[in-house]
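Here the structure comes first, spelled out in structure tokens, and everything after it is commentary.
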Amino acid sequence: MNKRPLIAALSCFTGGIIAAHYSLHLLEDFIFHAAAFLVILLLLALFFRSRVRMYLILIAFLLSGTVSYLNQYHPSQLMPLAISCKKVTLDATVLEPPRITYKSARMDVMVERLHNSPENFPIKEKVSLTVYKNMPPVNPGDMICFSGRLKPFKNFNNPGRYDYESAMKMKGLSCSASVSDGSSIILPGRSSLGFPRDLIETLQRPIRDFLITSLSVQDSAVYRALILGERQGISRDQREMFNRTGLGHLLAVSGLHIGLIAWISFFVIKWLLLRSSRLALKTDIRKTAAFLTCIPVLAYSLTAGFHVSTQRALVMILAFLASMILGREKDAWSTLAMAGLIILLFDPFALFSISFQLSFTAVVGILWLTPVFLNLIFSRFESLNNGKTFFGRIIVYFIGLFAVTLSATVFLLPLITFYFHRVSCVTVPANILIMPVLGLWVLPLGLISAALIPVYAPAADVCLQTGTWGLHVMMKIIESFADLSWSSFWTVTPNLFEISVFYALIFFMFFYRKWIWARRTVFLLVIVIIADIAFWTWKVRFNNCLEITFLDVGQGNAALVAFPGGKKMLIDGGGFSYSSFDIGSMVVAPFLWHSKIMTIDYLVLSHPHSDHMNGLVFIAESFRPGEYWSNGDRVATPSFHELMNVIESKGIKKMLPEDLANGMLIGGACIEVLHPLDRKGGNRHLKKARDIDNRSLVLKLTYQGKSILFPGDISQMAEKGLVSSSGDSLRSHVLLCPHHGSKGSSSMEFLESVKPDICIISSGEYNRFGFPHDQVLRRLQVAGSRVARIDRHGAVRFTICGNRADVMTFH
């Protein structure tokens, strides 16, 4: 700690931020008290000896982290309006180019004024605006006036969820707003973005226009991401190629890009300075080159939009350049700690952002593991360590690149699987081949072209077209790796305990030969890992309990049935009809991976409506289902055709009501199809929503004397027929409320036949239909049923184990 006090300071500062983050409701009123105590600690440190002073200063850093976090927290003026879902009229400034999909356009705007209040008061809050059709052409800095509904950001409250609310808060966004028709948006004119945003937009606009007019749509989208930090034009297919090859980080300007610019600039400037013998004799060329390198690094950061991730990367690169200027470049750990302190001092929320965690962890892995891998390689192959010849230097360069890439990949593995649930098998060779093309060809020529635009446009075009050749080479390499069937695979999500065990294993393996007790600890950790694998294997494949988890998928239905003996069934998958957001990959699949589930044996679609069907497409693609159950009805929607194409291409067995007429026994649980009764009535094309709803597949699941009823979206008309045909056999302990709590369903006659002890209502909070309707809630109260609302309580799990039945919620 005495040798590297900055590391101890960073640890304490980070601890203070974490304490404030998880105790915000307790500490937010005590910021002034904490600040006063911090001043007292610093004053006391002046009167004590070195050791006591050191501890006082560390406590002061801990308290500083808490104070800095609390100081960044400001309550939103728009949130009360968002919670009430009121329609408001706002003046706002566009902050970024719109991200346009085939269904909508989305952009971040800075709200300047609220028109609905009596005071017509000014506001300064960022809002995520979605326009569903007729998006007007706008640019950053344009003023817009629109009327729309505000909504708070909301998590899908399932185990293993992504904390979307916190992520939006970290981005500085207060809430979301939606406009159904963009033709109603008024464009009063231009507004000021403030410093440095006005300067950045002045730099970016001519480059953006030049790239769009000079290149194809795909090429300009990638170049805009690399140079301007704008990923709005990247298509889903392009993004998927980068993700499959583990190169998704190339599309976000971060430490890699700024590091490449710093590295190239440093060596070019150093080479130019060495051309002057006078400068070489009178100055320290390395320090002078490091100082001058700050100029192109800062210029590129501004050109790339100076986004939050770019700012963090800039701080880290400038810290390393400063260490070179001060002659402390060998103490890389202290330099990294200093960079971390500066970043967190100005933005304590950064600690909880994915980009900061990945960037910082990658650098730690490179500093720690790269020397180990290099020593291992050169000790085994001494002839390779020959940097005297040209080819020898190339070999050493690629070995170094391999060691750096491998170090970052290994060290980031738990975080990558935790956040993205995917492992790329080709990330090391892909990075080794891509880095020279990107760093020595595509990126430099793109930036030179950008610099030449105001000077001589034809020269800029020549540089850009030459850089585009390199871009095509880079994309061809990425495409070749992505086309490999084994290029990547989805994987289960590690929990925090498992991540800690992984890093502990690396730590003690590093000291395996130095410390005797490190060897014993490694042995103990291996036993812990084996025990963890054994536990999850038993829980997923050999558990004797029946578990049904009704997932929070917003306005829709999805339920996972885990049968005794390990078989899994997914009944519906949720989905949105007017959004490109994929419920299957972003909500349902992360829950399955969190639960260590990699296979769904039975895929069930109650009826082909988007809020039940769209999420099943990804599940069918990625979880290898053996059977697909449906009522056989067909609809003319892109999502339905996509699902059917996946079912056909994967060879998944189709099961219709007539195939399930006698019920099915799975792991001791009996499943019956109660509706539709016209067993040969499938394979029809339906258009009316009511007809589709009333032909929902109705399933009853019975185990250990307890029953659960899944009625889909049937209305009172279908309920009446079901009561007539099934009678007392409808009796169930748990009922998934028909049609999300619509007043057109859940008739008293139906509820009296089912007699549910618990009724699960799966509807989205603040949904536009007003589900669940008050009439339904009153009927359930009269029926004496307990109600579990997923929009308020989160996912609901019903477990039957022996003679015991338990209900658990996940809010």
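The values are calculated or read from the model by the stated rules, or taken from the named source; none is laboratory data. Since the structure is predicted, the reported quantities are computational estimates derived from the model, not experimental observations. No Cβ is skipped: glycine too gets one built from the backbone with ideal geometry, and neighbour counts run over all protein chains shown. The accessibility values were calculated without ligands, DNA or RNA, using every heavy atom of the protein model including side chains. Shrake-Rupley method; radii C 1.70, N 1.55, O 1.52, S 1.80 Å.
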Given (1) touching a helix residue (DSSP H, G or I) at 6+ places or on another chain (Cβ under 6 Å); (2) at pLDDT 90 or above, number of the condition Leu686 does not satisfy: (2)
Strands (runs of 3 or more DSSP E) within the stretch 85-190 that include 2 or more residues open to solvent by less than 40 Å² (accessible area, probe 1.4 Å): 87-94, 105-114, 122-131, 142-151, 173-179
Number of positions in the stretch 249-265 that are assigned to a helix (DSSP H, G or I), touching a residue at least 40 places away in the same chain (Cβ under 8 Å) and either in contact with a Lys or Arg (Cβ under 9 Å, 6 or more places away or on another chain) or of a type in the set (S, T, N, Q) (or both): 1
Search result, residues across the stretch 525-540 that are closer than 19 Å to Phe508 by Cβ, in contact (Cβ under 8 Å) with a residue 24 or more places away in the chain and hydrophobic (A, V, I, L, M, F, W, C): Leu525, Val528, Ile529
Residues satisfying the stated conditions in the stretch 763-790, i.e. modelled with pLDDT under 90 and acidic (Asp, Glu): Glu765
Test: residue in the stretch 431-454 that is assigned to a helix (DSSP H, G or I), of a type outside the set (Val, Ile, Thr), within 30 Å of Leu496 (Cβ to Cβ) and touching a strand residue (DSSP E or B) at 6+ places or on another chain (Cβ under 8 Å): no
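Yes/no matrix, rows are residues, columns are (1) in contact (Cβ under 8 Å) with a residue 60 or more places away in the chain; (2) β-branched (Val, Ile, Thr); (3) in contact with a Phe, Trp or Tyr (Cβ under 8 Å, 6 or more places away or on another chain):
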{"position": "Asp284", "(1), (2), (3)": "no, no, no"}
{"position": "Phe320", "(1), (2), (3)": "no, no, no"}
{"position": "Ile325", "(1), (2), (3)": "no, yes, yes"}
{"position": "Ile342", "(1), (2), (3)": "no, yes, no"}
{"position": "Gln357", "(1), (2), (3)": "no, no, no"}
{"position": "Leu367", "(1), (2), (3)": "no, no, yes"}
{"position": "Thr370", "(1), (2), (3)": "no, yes, no"}
Residue that is nearest to the chain's Cα centre (by Cα) [pool: residues in the stretch 687-740 that are of a type in the set (Val, Ile, Thr) and part of a helix (DSSP H, G or I)]: Ile692
Residue check for Ser606: of a type in the set (Gly, Ala, Ser) and open to solvent by 10 Å² or more (accessible area, probe 1.4 Å): no
Some residue of the stretch 537-559 being within 30 Å of Arg792 (Cα to Cα), part of a helix (DSSP H, G or I) and not hydroxyl-bearing (Ser, Thr, Tyr): yes
Flag if Ile295 is in a helix (DSSP H, G or I), touching a Gly at 6+ places or on another chain (Cβ under 7 Å) and of a type in the set (A, V, I, L, M, F, W, C): no
Residues within the stretch 216-263 that are open to solvent by 20 Å² or more (accessible area, probe 1.4 Å), within 30 Å of Thr293 (Cα to Cα) and over 23 Å from the mean Cα position of the chain (by Cα), tallied: 4
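I want to confirm something. Restricting to the stretch 721-733 and keeping residues that are in contact with a Lys or Arg (Cβ under 8 Å, 6 or more places away or on another chain) and modelled with pLDDT of 90 or more, which single residue is surrounded by the fewest Cβ atoms within 10 Å (Cβ to Cβ)?
My answer is Arg731.
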